[in-house]
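Structure record follows, encoded as structure tokens.
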Amino acid sequence: AGVKLMKGDVLDPESISKAAKGMEVIYNLAGTSDNLLARSDPFGDRIFEANSLGNLHVVQAGLKVGARRVVSVSSVFILGHNPGKPVDEEHVVNLWRYAGPYLLSRLQQELHLLRHAGRGIEVVIVNPGFIVGAKDRGPNFPGQIVLAYLKRRIPAHPPGGTSWIGVTDVADGLFNAA
């Protein structure tokens, strides 16, 4: 078997179907949190297109070409916070008052995927937290937090929590999700 890298534009259903042709498992890592504060996109339209509509196109392409499974990356942050208790499949999302375009787009993404699960295609949703590792571009938002902490620009550890994970651990999890 092995892994074959195919390129397509998640906003172009035909390019996704073409890239997915002959694939048993389709991995979709496309998505964005960019433009969260961009004045040119105050309502997060581009975020919804990439995260929500893009994933709908991927799962539809998987059905069209007869793929067995779609593995899609979402975000741990749509699961909310449950102080002192595990966040599992029975947990009710409790971040609605904080939900901006990014969280709502990821929720829509998962609803699109789950709506198609069992209709001829298996769906696996992976919910990593802040992904960090070698070759970060930028650095990304979590990388900026780490750098600020190391430079002692964050004087205290605030209450609350988040989830951090190494990029190689995410890759291993995605590989095993096939």
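A few comments on the model shown:
- Candidate set from segment 1-22 (those that are within 19 Å of Ser52 (Cβ to Cβ) and either touching a strand residue (DSSP E or B) at 6+ places or on another chain (Cβ under 9 Å) or of a type in the set (Ser, Thr, Tyr) (or both)); member that is surrounded by the most Cβ atoms within 10 Å (Cβ to Cβ): Ile16
- Residue satisfying all of: in segment 132-153; at pLDDT below 85 and among the hydrophobic types (A, V, I, L, M, F, W, C); most open to solvent (accessible area, probe 1.4 Å) among these: Phe141
- Among the numbered conditions (1) over 27 Å from Asn140 (Cβ atoms); (2) modelled with pLDDT under 90; (3) outside any loop (DSSP other than H, G, I, E, B); (4) of a type in the set (Lys, Arg), the only one that Lys18 does not meet is (2).
- Members of segment 97-107 found to be surrounded by fewer than 19 Cβ atoms within 10 Å (Cβ to Cβ) and either modelled with pLDDT of 90 or more or closer than 17 Å to Thr162 by Cα (or both), listed by number: Tyr98, Ala99
- Contacts under 9 angstrom Cβ, first residue in segment 131-155 being of a type in the set (Ser, Thr, Tyr), partner open to solvent by 50 Å² or more (accessible area, probe 1.4 Å), 6 or more apart: Tyr149/His157
- Taken over segment 53-84, residues that are part of a helix (DSSP H, G or I), open to solvent by less than 60 Å² (accessible area, probe 1.4 Å) and polar (S, T, N, Q) amount to 1.
The values are calculated or read from the model by the stated rules, or taken from the named source; none is laboratory data. What you are looking at is a predicted structure, and each value in this text was computed from that prediction instead of being measured. All Cβ positions, glycine included, derive from the backbone under ideal geometry; neighbour counts span all protein chains shown. In case anyone asks, the SASA skips ligands and DNA or RNA and just uses the protein heavy atoms, side chains included. Shrake-Rupley method; radii C 1.70, N 1.55, O 1.52, S 1.80 Å.
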